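Here the structure is laid out as structure tokens; the discussion comes afterwards.
A short reminder: the numbers here are calculations on the coordinates, not readings from a lab. What you see is a predicted model, and the numbers here were worked out from it, not measured in a lab. Positions of Cβ are backbone-derived with ideal geometry, glycine not excepted, and every protein chain shown enters the neighbour counts.
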Amino acid sequence: MRKGMHTHRERCVRAVQSKDARFDGWFFTAVLTTGIYCRPSCPVVPPKPENMTFYPSAAACQQAGFRACKRCRPDTSPGSPEWNQRADAVARAMRLIADGVVDREGVPGLAARLGYSTRQIERQLRAELGAGPLALARAQRAQTARLLVETTDLPMAEIAFAAGFSSIRTFNDTVREVFALSPSGLRTRVPGRARTTGGGALPGNARSTGPGTPGALSLRLPFRAPLNPDNLFGHLAATAVPGVEEWRDGAYRRTLRLPYGHGIAALTPKPDHIACRLTLGDLRDLPVAISRCRRMLDLDADPVAIDDQLRTDPFLAPLVDKAPGRRVPRTVDEGEFALRAVLGQQVSTAAARTHAGRLAAAHGEPVDDPEGGLSHHFPAPEALAALDPESLAMPRTRRTTLLTLAGQLGDGTLHLGVESDWEETRARLLALPGFGPWTADVIAMRALGDPDAFLPTDLGIRRAAQELGLPSTPAALTARAAAWRPWRAYAVQYLWATDSHPINFLPV
């Protein structure tokens, strides 16, 4: 782990001097002589060490009076992997801020979701990130604004609204302060940008798809290399719920239920980025949609640190060396995934898809897909909880499990979200009827994002362990897997990959 890396001056200097992109997002370099801040991999000649100072976040750099570098665009670097590998209050707060909670509910709403006072949250964030929740949310708004200014033809008033600013004046002032340019100055700096098509999208940015489609944007989502797309997109495509998800023309497409309206995401793996096309009913949902897509694809992971740890096991090392950079396929909707996990208990992938597709067609909220293929959101928990149990074509015990879970999600008794405490939520899930360790842990791994979730009772894992010569009984395998911590969820991906199941292959 690189927690608090900005305090290790010598390591930071070496990373900057070697332009090591692996550290982008872990810390930011502020240059005292120029007043700018950069990502570690900035292509310009590195400043003298005595002119460097280091910060843990872009927001901290901005609060200290530094403006973003125009060359390396540090505001668009991949996010810190820390927020996806930790479950403490600071990490949970950062996940909520990325999900737009501060913009929608304010700092009191953020604190209430975490069960802390606003003062406690302010203190903890400032201590670790050098900035409070308002400054961190402001940095995110500035990034969204830059994205839209530089790569779409939207009017500035619409951009201010979409980025979450309360007024045009605040929007103008923030852009000038953070980037040392006016919004119009940012727009005119982009070379060769066509006024009607948005031109070539820059890393991490978006572009409009042309007149007549104001809600459609194309983005490039950066990630830390390497990234192996096979199991990531293979899993999402093989388990896709008809009408809710699909694989088409090399892209995984799915519906999004967002705070201000509906959305559709199309995600295509490329060698150095993920191409992301978003169709949004309300542009205010753009930051949340980007955040959820990144989270679903696990794009902020640190594959080098993960793979190096797993390679220490001689049984896993060949699997890692053969196809490094595997990610954990996650979700854009934690409650949806939990319900689908119940549908998938003790049935095949095809059967689970069939059950989920029938529920979506009968009880999901309709969605208009301009490109066709997608028709519904997965049913909301409240809709499922209201169903007549006898109408569900599944065993009585699973029916009870599904409706109990839907009822608790619907009335708020149980909440699954980016802010969930992993261990506490596991315990609450295990207390529900029909929930065993496999169901609780697959939800922890793929919905809650616990990088150390493990599935020792999974048939595919036990079969892979036996073939590799690892212990195959759950207790013995769990004991052996202690050496893989805190990355056991990634070990699961490598073990699953030994099988010929469709989840392990990029669809053609």
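Summary table below
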| quantity | calculated |
| --- | --- |
| Sites Ala351 and Asp388, calculated FRET efficiency, Cβ-Cβ separation with R0 25 Å, nearest 0.05 | 0.70 |
| Rg/Rg_globular for region 337-377, with Rg_globular taken as 2.2 N^0.38 Å and Rg from C-alpha atoms | 1.28 |
| Cα convex hull volume per residue for region 304-504 (Å³) | 141 Å³ |
| Equivalent ellipsoid semi-axes, region 37-77, via Cα gyration tensor eigenvalues times 5, rooted, Å | 15, 13, 8 |
| Value of [θ]222 nm, deg cm²/dmol, for the chain, DSSP H segments ≥ 4, -39500 (n - 2.57) each, nearest 500 | -13000 deg cm²/dmol |
| Residue-span extension gain [Val508 to Arg71] - 0.36 nm each, minus C-alpha spacing | 153.6 nm |
| About the Cα centre, charge dipole magnitude for region 304-504 (Lys/Arg +1, Asp/Glu -1 at Cβ), debye | 840 debye |
| Per-residue Cβ neighbour rank within 10 angstrom, fewest leading, Leu147, Leu387 | Leu387, Leu147 |
| Average Cα contact separation per residue, the chain, under 8 Å, 6 or more apart, as relative contact order % | 13 percent |
| Stretchable slack from Ala476 to Ala64, in nm (0.36 nm times residue separation minus alpha-carbon distance) | 143.1 nm |
| Segment Gln120-Ser500, extension gain: residue separation times 0.36 nm, minus the distance between their alpha carbons | 131.9 nm |
| Orientation-averaged projected area, Cα convex hull of the chain (nm²) | 22.9 nm² |
| Relative packing of peptides 495-507, 234-246 - highest average C-beta neighbours within 10 Å first | 234-246, 495-507 |
| Taking all pairs of distinct alpha-carbon atoms in region 5-76, Kirkwood radius in angstrom | 11.5 Å |
| DSSP-defined antiparallel bridges as percent of all bridges, the chain, nearest 5 | 90 percent |
| Estimated FRET transfer efficiency when R0 is 45 angstrom, pair His8-Asp173 (beta carbons, to 0.05) | 0.85 |
| Estimated inter-spin distance, Ala157 and Asp421, nm [label 7 Å along Cα→Cβ] | 4.7 nm |
| Approximate spin-label separation Ala362-Asp321, in nm, with each point projected 7 Å along Cα-to-Cβ | 5.2 nm |
| Charge dipole (debye, nearest 20) of the chain; +1 at Cβ of Lys and Arg, -1 at Cβ of Asp and Glu | 1340 debye |
| Shape category assigned to region 95-139 from the gyration tensor of Cα positions, a/c cut at 1.5 | oblate |
| Ranked list, fewest to most other Cβ atoms within 10 Å of each Cβ, for Arg277, Arg126 | Arg126, Arg277 |
| Nearest-ten-degree value, helix 349-363 long axis tilted from longest Cα axis of the chain | 70 degrees |
| Proximal aspartates and glutamates relative to Lys70, as straight alpha-carbon distance under 17 Å, when same-chain residues fewer than 8 apart are discounted | Asp24, Glu150, Glu177 |
| Tail weight of P(r) past 15 Å, computed on alpha-carbon pairs of region 206-295, percent | 59 percent |
| Square roots of 5 times each gyration tensor eigenvalue, C-alpha, region 83-189, largest first, Å | 29, 13, 12 |
